[in-house]
Amino acid sequence: IALFWLTRRFSHPLVIPGCFAVAMAAFYGGLAATGTSVQSALDQGWMLGPFPGGGGWQPFGPSQWLQADWPVVLSQLPSMATLVLITALSLLLVSTGIELATEQDLDLNRELKSVGIGSILSGLGGGMVGSHAVTTLLVSKMGVRSRAVGIFAALLYLAVLLFGLSMLSFFPRFMIGGALLFIGLQLLYQWVVASWSRLPRLDYGLIWLILIIVALKDFLTGVGVGLLIASLMFIFSYSRQQVVKYARSGAAYQSHAARSLQQQQFLRQEGQQIQIFSLQGYLFFGTANALLKQVQARLQDSDQSPLRFLVLDFRLVTGLDASAALSFAKMQQVARKNGFELVFAGLPDLALAQLQQGGVLTAPPAAHTVFPDVDRAVEWCEDQLFEAAAWRRRRSLPLMMQLHDLFADQTQAAEFLPYLKTQDVAAGEVLFRAGDRADGLYWIESGQVTLLIDLATGSPKRLQTLGEGMIVGENACYSDAIQTMTAIADQPSTLHWLSAEALAAMSQQHPQVALRFMDWIVRLLSEQVIHAKSEIQELLQ
């Protein structure tokens, strides 16, 4: 108790060793003052000894291995597994206490490896399983921050192991008890007193509950009850987290597929029939049930159009358990009852297998239910809306008719054509790659071209799919920059190439035509910025 009070009042590194030195001197001074001999003190149990002479290490030899009763050893495998689990839990608990007391972070992965290797070596030498001990705090309170402490302690243990325990016989027993009491008081102060202002009241109450159970029962029971209650608290708390990171409708978020202005307007009006939920975190019964309630709330929302497609984006999902799969099966029943379709996007392989086992998806899944990303999933939903609205895809128009919307004067269209160079490309042909020099742009007369960007993971992601009457490569062309994306023809396409040199010549020879074309490009880029801004605003809400 005196040591605890002194360390709370003074932070000098010599406080603890000075107290031990004073206690040792006082003990032997008391023996001398009372005329008590050292042998008498040993006989009365005031010291740790006496210990038997000789080395303390009795290594295993071949005879011991042969004499072992292996059926009995094997019968203790469950107990051994329990011991390993308890050691790991003890390490985690003690490490947390050490981190709190020393105000330093520990690498738990490294600590677990160290304990495992040390326990294996100890077992091979006839020792026992071990882990971190709260006695580490004693060194911390002394203000020592050096590996030399551990090395010195190891050498001391080795000396005792080789030369016997007699060297410890004359150490006063009360000093060991006092050191343990000091460490216990330090931990009680850290967890029971100091944590009052740092922890939520529920967590602080759990600490008191564990402390009471340990005092009335035993340590393992207290730890077991604490872990059980802490797990239940975590499940309850995690189930209250928002499982839906982003909730968007098809009117606010449109796919990057090629859409005409009339189709874009149609989607802004009818896109609410598509609901997109971007999920996050680990899905279990609590979070999956919260998701089901959000779906039911969307169905009951009379201010929005009736739901036809529910897109579930799993890109940010870290995993799901069997109970979550059952919740998705119930969601599938709700979908059939209310006439909408579930569409899954970005499903990890493990989550896909669990949903198949739960009967939510078939094996292999139908082509219209699982998509690699949310963009492709939304594109399919949009196509279904177009089909339901009897939207007919028009036949490809000749280039001159496409230019009619750009140039009201047919004379300007005729003057524009000579600057173009016609190219027929096959499906899969690359128009340009990221990193290529931008020296022109393409006008798509027929066919389809997709723009891709390489992610940090190395996999490509679709940015946009463009169709007839649209242009490719205008961003980098006008800034004289390097291409930042790759353009690939999805199908046989007829393109018209307008080089940077031809554009410069047009500005000199037909300035009105070039000005009209540039004005159209500016309007296209403005629409792209507006669309990107609306997506960003939707994500920030």
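At a glance:
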item: Sequence of 99, 270 once ranked by neighbouring C-beta atoms within 10 Å, starting from the fewest; result: 99, 270
item: Relative compactness, segment 244-388, computed as alpha-carbon Rg over 2.2 N^0.38 Å; result: 1.00
item: When each of 421/533; 113/461; 245/330 is checked by Cα-Cα distance, pairs over 31 Å; result: 421/533; 113/461
item: Radius 10 Å from Cβ of residue 399, net charge of other residues (Lys, Arg +1; Asp, Glu -1); result: -2
item: Residue-by-residue Karplus 3J(HN,Hα) for segment 21-38, coefficients 6.51, -1.76, 1.60, Hz, glycine and proline x; result: 5, 5, 5, 5, 5, 5, 5, 6, x, x, 4, 5, 5, 8, x, 8, 7, 4
item: Residue 176 versus residue 34: modelled label distance in nm, points set 7 Å from Cα along the beta carbon direction; result: 2.0
item: Residue-by-residue Karplus 3J(HN,Hα) for segment 494-508, coefficients 6.51, -1.76, 1.60, Hz, glycine and proline x; result: 9, 10, 10, 8, 10, 6, 5, 5, 5, 5, 5, 5, 4, 5, 7
item: FRET efficiency, residue 238 to residue 156 (Cβ-Cβ, R0 60 Å, nearest 0.05); result: 0.85
item: Per-q log10 I(q)/I(0), segment 208-318, q = 0.12, 0.18 Å⁻¹ (Debye; single scatterer per alpha-carbon; no solvent); result: -0.59, -0.92
item: Long-range amide H partners of residue 446 with built H, under 5 Å; result: 494
item: Stretch gain in nm, segment residue 298-residue 522, where the contour uses 0.36 nm per residue and the Cα spacing is subtracted; result: 76.8 nm
item: Computed over the chain, Kirkwood Rh from alpha-carbon pairs, angstrom; result: 31.3
item: Cβ-placed point charges (K, R +1; D, E -1), dipole of the chain about Cα centre in debye, nearest 20; result: 1920
item: Sites residue 421 and residue 491 - FRET efficiency at Förster radius 22 Å, r taken between beta-carbons, to 0.05; result: 0.60
item: Whole-Hz ³J(HN,Hα) from phi, Karplus 6.51 cos²θ - 1.76 cosθ + 1.60, for segment 445-450, glycine and proline x; result: 7, 8, x, 7, 10, 10
item: Gain on full stretching of the segment that runs from residue 66 to residue 508 - 0.36 nm per residue minus C-alpha separation; result: 149.1 nm
item: Principal-axis tilt of helix 285-299 within the chain, Cα atoms, nearest 10 degrees; result: 30
item: The chain: calculated mean residue ellipticity at 222 nm from DSSP helix runs of at least 4, using -39500 (n - 2.57); result: -17000 deg cm²/dmol
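Computed from the coordinates by the stated procedures, all read-outs in this text should not be read as laboratory data. None of these values were measured; they are calculated from a predicted model. Note: ideal-geometry Cβ built from the backbone for every residue, glycine included; neighbour counts use all protein chains shown.
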